[in-house]
Amino acid sequence: MTQRSDELRVAINAAQAAGAITLEKFGELSHSEIQLKQFKDFVTVVDKACEAAISACIAESFPDDSMLCEEGTVMNGSSGRTWIVDPLDGTLNFIHSFPVFSISIALRDSNHKLLTAVVYQPVLDELFTAEAGEGAYLNGKKIAISSRKDKESFLMATGLPFSQYHYLDSTLNMLRDVIYDSAGIRRAGSAAIDLAYTACGRFDGFWEFKLSPWDFAAGVLLVREAGGIVTDFSGNSDIFRGGSILAGSVVTHPLLLEKTLKHFKTELLMARHSGS
């Protein structure tokens with residue numbers, strides 16, 4: 001593995017500190033420690049504690065950087081760089097003691113170029129890391145995107161809408177289509193894990209419509225540094241504009257892109273007209 005930068009070391013320390021918090025409380029949450037943010041969207045005391053630990057760690061080392069975190073922590077720095085943090089990706093899984101969740105931390109520059117990425121899965125103690133131009137790693141070992149070429153062998157991953165039902169039909173139509181062109185589909189409940197698993201070849205591709213930057217920022221750099229392709233559902237590489245994510249290999253990305261252009265035609269047209 002290449003020598004770690006100060007930014008990556010801080011991100012790893014922050015992610016592991018948050019991971020320790022999750023493990024202390026996993027399976028021990030009380031109802032009073034869970035709050036409803038909005039329809040079918042929850043936050044726990046653990047989300048907030050993890051975010052506090054991460055933001056404190058980053059702010060201490062990089063006080064001039066900005067910060068964008070899922071649970072509301074915002075810092076407006078002067079450096080032009082922004083840390084994008086999901087302190088607990090897979091909150092619903094965590095609430096239900098389903099052991100699939102992660103901590104996601106990414107750093108991007110003023111031109112939206114991703115520089116540093118960490119996705120940490122505490123239960124399995126799996127640390128996915130990447131820096132721009134330096135490759136992607138799992139626990140210090142270099143990883144690469146899947147090399148599978150046969151549709152009948154593909155294991156794909158996706159996310160399903162839990163509250164925004166206006167694109168449910170498009171989602172189900174695409175799901176049906178991908179079922180014919182794969183061996184199986186998984187829905188883990190953490191986009192960061194889905195992208196990390198795509199980066200290391202466990203999944204052959206991933207797609208999800210309408211994600212927030214903290215859901216995908218770190219995972220996108222992991223996939224790209226592992227040799228994969230990541231775009232939005234229209235095929236654009238600037239994934240911060242629309243929030244739809246399509247990731248895969250030179251074989252699976254075109255296959256999935258053909259399907260998103262077909263099944264999400266209305267949603268993509270509306271997004272272009274709205275300027276999002």
Hey, does the stretch 149-168 have a residue that's loosely packed, with under 12 Cβ neighbours inside 10 Å, in the same structural domain as Ala17 (by TED's automatic domain parsing) and either touching a strand residue (DSSP E or B) at 6+ places or on another chain (Cβ under 8 Å) or small (Gly, Ala, Ser) (or both)?
no
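Being under 22 Å from Asp109 (Cβ atoms), in contact with a helix residue (DSSP H, G or I) (Cβ under 7 Å, 6 or more places away or on another chain) and not assigned by TED's automatic domain parsing to the domain that holds Lys113 is true for just one of Leu246, Leu211, Leu221. Which residue is that? Let's see the steps before the verdict.
Working: Leu246 fails: under 22 Å from Asp109 (Cβ atoms); Leu221 fails: in contact with a helix residue (DSSP H, G or I) (Cβ under 7 Å, 6 or more places away or on another chain).
The unique qualifying residue is Leu211.
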Using beta carbons and a limit of 6 Å, which pairs, at least six apart or on different chains, have the first residue in the stretch 125-146 and more than 17 Å from Asp194 (Cβ to Cβ) and the second one among the charged types (D, E, K, R) and crowded, with 17+ Cβ neighbours inside 10 Å?
Gly135/Glu225
Residues that are assigned to a loop (DSSP other than H, G, I, E, B), under 21 Å from Val100 (Cα atoms) and touching a Ser or Thr at 6+ places or on another chain (Cβ under 8 Å), drawn from the stretch 1-41
Phe26, Gly27, Leu29, Lys40
Mind checking whether some residue in the stretch 153-174 is at pLDDT 95 or above and over 17 Å from Leu257 (Cα atoms)?
yes
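Residues in the stretch 248-256: is at least one within 16 Å of the chain's Cα centre (by Cα) and modelled with pLDDT of 95 or more? Can you show your working first?
Residues of the stretch 248-256 within 16 Å of the chain's Cα centre (by Cα): 248.
After this cut, where a residue has to be modelled with pLDDT of 95 or more as well, the list is 248.
For the stretch 248-256, residues within 16 Å of the chain's Cα centre (by Cα) and modelled with pLDDT of 95 or more: present.
To keep it simple, each residue is scored yes or no on (1) among the β-branched types (Val, Ile, Thr); (2) surrounded by 12 or more Cβ atoms within 10 Å (Cβ to Cβ); (3) closer than 27 Å to Glu51 by Cβ; (4) within 19 Å of the chain's Cα centre (by Cα).
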| site | (1), (2), (3), (4) |
| --- | --- |
| Val118 | yes, yes, yes, yes |
| Pro122 | no, yes, yes, yes |
| Ile145 | yes, yes, no, yes |
| Asn173 | no, yes, no, no |
Checking Ile229 against (1) within 11 Å of the chain's Cα centre (by Cα); (2) of a type outside the set (D, E, K, R); (3) more than 21 Å from Leu88 (Cα to Cα), the condition it does not meet
(1)
Across the stretch 124-143, the tally of residues that are over 15 Å from the mean Cα position of the chain (by Cα) and closer than 15 Å to Gly228 by Cα stands at 8
Return yes when Val85 is among the aliphatic types (A, V, I, L, M), within 14 Å of Leu23 (Cβ to Cβ) and either within 18 Å of the chain's Cα centre (by Cα) or in the same structural domain as Asn13 (by TED's automatic domain parsing) (or both) and no when it is not.
no
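The rows are residues; the columns are (1) surrounded by fewer than 16 Cβ atoms within 10 Å (Cβ to Cβ); (2) at pLDDT below 90; (3) of a type outside the set (S, T, N, Q); (4) in contact with a His (Cβ under 8 Å, 6 or more places away or on another chain).
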{"residue": "Leu8", "(1), (2), (3), (4)": "no, no, yes, no"}
{"residue": "Ser30", "(1), (2), (3), (4)": "yes, yes, no, no"}
{"residue": "Phe39", "(1), (2), (3), (4)": "yes, yes, yes, no"}
{"residue": "Cys50", "(1), (2), (3), (4)": "no, no, yes, no"}
{"residue": "Pro63", "(1), (2), (3), (4)": "yes, no, yes, no"}
{"residue": "Met67", "(1), (2), (3), (4)": "no, no, yes, no"}
{"residue": "Glu70", "(1), (2), (3), (4)": "no, yes, yes, no"}
{"residue": "Asp86", "(1), (2), (3), (4)": "no, no, yes, no"}
{"residue": "Ser102", "(1), (2), (3), (4)": "no, no, no, no"}
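The values are calculated or read from the model by the stated rules, or taken from the named source; none is laboratory data. Being a predicted model, the structure only gives us computed values, none of them experimental. Quick reminder, even Gly has a Cβ in these numbers, built from the backbone with ideal geometry, and neighbours come from all protein chains shown.
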